[in-house]
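To start, the structure under review is shown below, and the notes come after it.
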Amino acid sequence: SFSQKGSNCPEDLVPKLGENKMWGYANLMGHWVINPIYTKVSPYVESKAVVMKGLSYGVIDCEGNPILHAEYEKLTNFKYGKIWA
């Protein structure tokens with residue numbers, strides 16, 4: 001499990017595969033917080049997660065709101081508040 005200890009998210013969020021074969025995020029009790037609409041997801045870092053929708057990458061916040069819309073060919077994970085596209 002990818003527990004998000006130390007994050008600023010209101011609760012710990014973990015990647016979870018949905019019945020539709022898409023990814024989303026659930027709390028530690030297994031309840032969906034962000035619906036499974038992504039092709040691929042990464043664990044939250046600095047309260048942000050890199051997600052893949054179709055063949056494009058973007059970034060979402062703890063509530064699933066886009067910070068960077070999924071329009072990038074590749075994104076690295078956040079480190080020191082920065083990300084490379």
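The values are calculated or read from the model by the stated rules, or taken from the named source; none is laboratory data. Here the structure is a predicted model, which is why all the values come from computation and not from measurement. Quick reminder, even Gly has a Cβ in these numbers, built from the backbone with ideal geometry, and neighbours come from all protein chains shown. We work out accessible area using only protein heavy atoms, side chains counted, and drop any ligands, DNA or RNA first. Shrake-Rupley method; radii C 1.70, N 1.55, O 1.52, S 1.80 Å.
Key figures for this structure:
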| read-out | value |
| --- | --- |
| Selected residue (only one of GLU63, GLU19 is acidic (Asp, Glu) and at pLDDT 95 or above) | GLU19 |
| Test set (1) modelled with pLDDT of 95 or more; (2) open to solvent by 80 Å² or more (accessible area, probe 1.4 Å); (3) of a type outside the set (Ser, Thr, Tyr) - ASN8 fails condition number | (1) |
| In the range 69-82, residue nearest to GLU46 (Cα to Cα) [restricted to those that are part of a strand (DSSP E or B) and touching a residue at least 12 places away in the same chain (Cβ under 8 Å)] | LYS79 |
